[in-house]
Amino acid sequence: MAKCVRCGKPATIYLEGLRFCEDCFKIHVEREFEEAIEGHAIESRLINANDRIMVAVSGGKDSMVLWYLLHKFNFNIVPVHLNLHYGVFSEKSVEVVKKFSEKISKKVLIYSVIEDFGINMEDVFRKAKNRPRCAVCGVIKRYLINKIALDLKVDSVATGHNLDDGAATTLKAILNWDFNTLSRNYPLTPPYKDKLVKRIKPLYRLADAELKAYADLLGIDYTTEICPYKIGRVTLSKTKDILNEINTQFKGVKRTFYYGYLRNNTLFKKDEVEL
Ligand code: AMP
């Protein structure tokens, strides 16, 4: 039987080219999370002492693990969920975040796009019918999450974007020479005047598969419901599949590729943010 790369005991988890026993896998995930907080590969800490962090929880595995880890490491957090009212998809998300909130006795703030902001997403999609729905929804979510963060006067907003998100977004942007995306696909987006709250991605060192395995191992509940507006395979998912295919042929290249981009950020960074 293959041995754990950390302790030499029999390995049961084989992910991203590494073999671990269960205990060492947990240590590995938590170490990567801590290194992200310390800002490895980007030379800038994501979280400073006494920061109040709003954690944006969708109910999916990534943001649920993010919430769990920030809680476990005793950060000062305000969990926030935005109910988009997408039928069963949203109902399941609300259920998952509420349950977790009760389990760890930490209040989650749930905002409704309809009741709190007077936005009916169906109407928005109808008005913006020539634009992909995921893009429209993404813009509204980012706007509202930032607005909530400004109201709550937090120091930063943490989202569950992971290594696969970061690497695939970079690859897709390079394939299209999309310099705008390349200038800002980082784990830390600084605040902008009094308009944009600092944004951080503390899971940028952890792959999709690692986060799923960690959530399952620790019994962290999450929803696997697919958004009813996600029709067909979106390009970013296809890019993720292609990148993972290359990653199996060239072990570890997904990580090398993304960290290389992060280390060479001066190549793409713009001085001025355009709002
Ligand atoms: P997505 O753009 O859906 O892949 O989500 C990226 C990240 O945005 C998630 O990991 C969450 O941190 C956050 N997020 C997405 N949807 C919501 C939501 N409905 N409420 C709160 N945060 C969300």
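At a glance:
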{"quantity": "Test result for Lys212, modelled with pLDDT under 95 and surrounded by fewer than 19 Cβ atoms within 10 Å (Cβ to Cβ)", "calculated": "no"}
{"quantity": "Given (1) over 20 Å from Thr239 (Cβ atoms); (2) of a type in the set (Asp, Glu); (3) away from the ligand (no atom under 14 Å from the Cβ), number of the condition Asp116 does not satisfy", "calculated": "(3)"}
{"quantity": "Selection within region 55-90 - of a type in the set (S, T, N, Q) and either within 9 Å of the ligand (Cβ to nearest atom) or in contact with a strand residue (DSSP E or B) (Cβ under 9 Å, 6 or more places away or on another chain) (or both)", "calculated": "Ser58, Ser63, Asn76, Asn83, Ser90"}
{"quantity": "Conditions (1) within 13 Å of the ligand (Cβ to nearest atom); (2) without any contact (Cβ under 8 Å) to a residue 24 or more places away in the chain: number failed by Ala168", "calculated": "(2)"}
{"quantity": "Within region 198-268, helices (runs of 4 or more DSSP H) holding 1 or more residues that are among the polar types (S, T, N, Q)", "calculated": "235-249, 253-263"}
{"quantity": "Qualifying residue in region 133-140 (condition: in contact with a Pro (Cβ under 6 Å, 6 or more places away or on another chain), of a type in the set (A, V, I, L, M) and within 12 Å of the ligand (Cβ to nearest atom))", "calculated": "no"}
{"quantity": "Where Leu171 falls short, out of the listed (1) at pLDDT below 95; (2) not in a loop (DSSP other than H, G, I, E, B)", "calculated": "(1)"}
{"quantity": "Residue match in region 21-29 (condition: assigned to a loop (DSSP other than H, G, I, E, B) and surrounded by fewer than 22 Cβ atoms within 10 Å (Cβ to Cβ))", "calculated": "yes"}
{"quantity": "Complete set of residues in region 38-54 that are farther than 13 Å from Val157 by Cβ and within 16 Å of the ligand (Cβ to nearest atom)", "calculated": "none"}
{"quantity": "Single residue of region 141-152 satisfying the filter (more than 11 Å from the ligand (Cβ to nearest atom) and farther than 14 Å from Tyr192 by Cα) that is surrounded by the most Cβ atoms within 10 Å (Cβ to Cβ)", "calculated": "Leu152"}
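The values are calculated or read from the model by the stated rules, or taken from the named source; none is laboratory data. A quick note: this is a predicted structure, and the numbers were derived from the prediction, not measured. Glycine gets a Cβ as well: all are built from the backbone with ideal geometry, and neighbour counts include every protein chain shown.
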